[in-house]
1. Could you tell me the distance between the Cα centroids of the range 74-94 and the range 39-57, to the nearest Å?
2. Setting aside same-chain residues fewer than 8 positions from K86, which lysines have a Cα under 28 Å from its Cα?
3. Using the heavy atoms of the protein chains and a 1.4 angstrom probe, tell me the accessible area per residue for the range 36-105 in square angstrom.
4. Starting from the Cα of Q44, step 7 Å along the direction of its Cβ; do the same at S62; then give the gap between the two resulting points in nm.
5. Mind giving me the FRET efficiency for A74 and R102? R0 is 25 Å, r the Cβ-Cβ distance, nearest 0.05 is fine.
6. Among Q110, I51, Q1, which residue has its Cα furthest toward the positive end of the charge dipole of the chain, with +1 on Lys/Arg Cβ and -1 on Asp/Glu Cβ?
7. Keeping the other protein chains in place, figure out the carbon and sulfur percent of the accessible area of the chain, with a 1.4 Å probe.
8. Going highest first, how would you order 71-84, 51-64 by mean Cβ packing within 10 Å?
Amino acid sequence: QVQLVESGGGLVQPGGSLRLSCAASGSIFSLIAMGWYHQAPGKQRELVATITSTGSTNYADSVKGRFTISKDNAKNTVYLQMDSLKPEDTAVYYCRLVGNGRVYWGQGTQVTVSS
């Protein structure tokens with residue numbers, strides 16, 4: 001069984017930065033991609049950024065130029081560096097892993113951008 005544990009969320013002022021981490025544990029024998037999604041109150045869960053096993057990245061238009069996704073293969077960890085944060089970035093951020101023929105989700109970490 002694969003488990004994903006997110007960390008790094010919190011309260012930050014507009015224009016500030018946060019770095020989210022997602023550590024994957026368990027038996028991962030065919031990793032396809034890892035990524036981050038977010039869900040604001042009353043809205044659907046949406047893609048933020050993904051990174052494949054070969055390092056290809058994809059970003060939502062709303063975060064391009066502000067967020068950077070990266071990974072540490074040795075630690076099975078994916079990171080999301082979030083800069084120039086805006087109030088509209090406020091949401092629960094979920095880590096997702098695609099591998100072993102299925103999709104796994106973390107429990108989420110709250111990010112609040114407010115003055």
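The values are calculated or read from the model by the stated rules, or taken from the named source; none is laboratory data. Not measured: the values here are computed from a predicted model. Counting neighbours? That spans all protein chains shown, and the Cβs are built from the backbone with ideal geometry, glycine included. We work out accessible area using only protein heavy atoms, side chains counted, and drop any ligands, DNA or RNA first. Shrake-Rupley method; radii C 1.70, N 1.55, O 1.52, S 1.80 Å.
1. 10 Å
2. Result set, ordered by chain and number: K43, K64, K71.
3. On the way: 3670 Å² over 70 residues.
Ligands and nucleic acids excluded, the figure is 52 Å² per residue.
4. For the pair Q44/S62, the computed spacing is 1.3 nm.
5. Working: r = 23 Å, r/R0 = 0.93.
After rounding, the FRET efficiency stands at 0.60.
6. So the residue we want is Q1.
7. The computed percentage sits at 47.
8. On the way: 71-84: 16.8, 51-64: 13.4.
Top to bottom by mean Cβ count within 10 Å: 71-84, 51-64.
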